[in-house]
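**Student:** Here's a structure for you.
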Amino acid sequence: QALHPYLPSVVPEVLHVDRANYVYAMSHAPPEATVWKADLLAGRIDLALGAKVGQTLGRIHQVSAENAAAFTAFRDHNVYVQLRVDPFYRRVQERCPDVAAAIEPIVHDMLTIKEALCHGDYTPKNMLVHDGAFTLVDYETAHFGDPTMDLGLFMAHLTLKSVRDPHRSNSFFSLMRRVWRGYCAEVTFRPHDELEQRGVKHYGACLLARVDGTSPIDYLPEEEKRNHVRGVARAILLDGVDCWENAWSTLTPPPVPE
């Protein structure tokens, strides 16, 4: 309800609410829509769609930062802590003590920054693709806080898919660049380099969370590839990497510059 007026073609419309019975109804994506995660795992990489995904995330962050008073209902972080901070960041601190100190200030920022709406699960599995556009679903972890977590989590999911399919890694890097450019085209509430620096920190933490957190991804079973992800994440967190290109340069094969 809060976002639909700003993104009516992407965010479903709430059609009916029955709070007493904890029921609501919303508009749906076209029946022929596909889950973007499945498309990406099948090697179908749409760079134009990546730009739209970046623009949409940028608009979510920008309009909520500009109209903070309209999003005060999302200042409660309890659900986000239960579903993201604890099973992702805190679990990594427990299981990877060598990066615990590096992750602590990231967690602090997540719990103290009140800057814009963070979707909290802005990932390909929550994007239903149709006719070169998409419908965004699953707002369970949305909260008004540190929006750069969305950047880190999304880039981590694309990176994990590139590690799974190294023959398409350059296509995935091109996709990530399109996402970032689309995002920057919409955002003015903070300097882009600051958002990038903060997003890269989340990127490192989220990479580890998806292999060593409470619920690891299921499409990267090879330990060699998982160890590669761990090495990339540790390099980002421990070596002070602060931009996407430097973060991506730690991956092999290295991306081809555009």
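**Student:** Quick one: ranking D131, D150, D165 by accessible area, 1.4 Å probe, largest first, what do you get?
**Tutor:** I get D131, D165, D150, largest accessible area first.
**Student:** With the crude spin-label approximation of a point 7 Å out along Cα→Cβ, what separation in nm comes out for Y219 versus H4?
**Tutor:** Modelled inter-label distance: 3.0 nm.
**Student:** Pop a pseudo-label 7 angstrom from the Cα along the beta-carbon direction at both A101 and K114 and give the gap in nm to one decimal.
**Tutor:** In this crude label model, A101 to K114 measures out at 3.2 nm.
**Student:** Let me ask something else. Calculate, for the chain, the solvent-accessible area per residue in square angstrom, rolling a 1.4 angstrom probe over the heavy atoms of the protein chains.
**Tutor:** Value for the chain: 44 Å² per residue.
**Student:** A follow-up question, please. How would you rank 49-56, 222-229, 85-92, highest first, on the average number of other Cβ atoms within 10 Å across their residues?
**Tutor:** Taking the mean over residues of other Cβ atoms within 10 Å, the ranking is 49-56, 85-92, 222-229.
**Student:** Arrange the peptides 119-126, 234-241 so that the one whose residues have, on average, the most other Cβ atoms within 10 Å appears first.
**Tutor:** Going from most to least packed, we get 119-126, 234-241.
**Student:** Using a 1.4 Å probe over the heavy atoms of the protein chains, calculate the carbon and sulfur portion of the accessible area of the chain as a whole percent.
**Tutor:** 52 percent
**Student:** While we're here: Could you tell me how many degrees, from 0 to 90 and to the nearest 10, lie between the Cα long axis of helix 148-164 and the main elongation axis, the longest principal axis, of the Cα atoms of the chain?
**Tutor:** 50 degrees
The values are calculated or read from the model by the stated rules, or taken from the named source; none is laboratory data. None of these values were measured; they are calculated from a predicted model. Because the Cβ atoms are built from the backbone with ideal geometry, glycine has one as well, and the counts that use them run over all protein chains shown. Side chains are part of the model used for accessible areas, which takes the heavy atoms of the whole protein and leaves out ligands, DNA and RNA. Shrake-Rupley method; radii C 1.70, N 1.55, O 1.52, S 1.80 Å.
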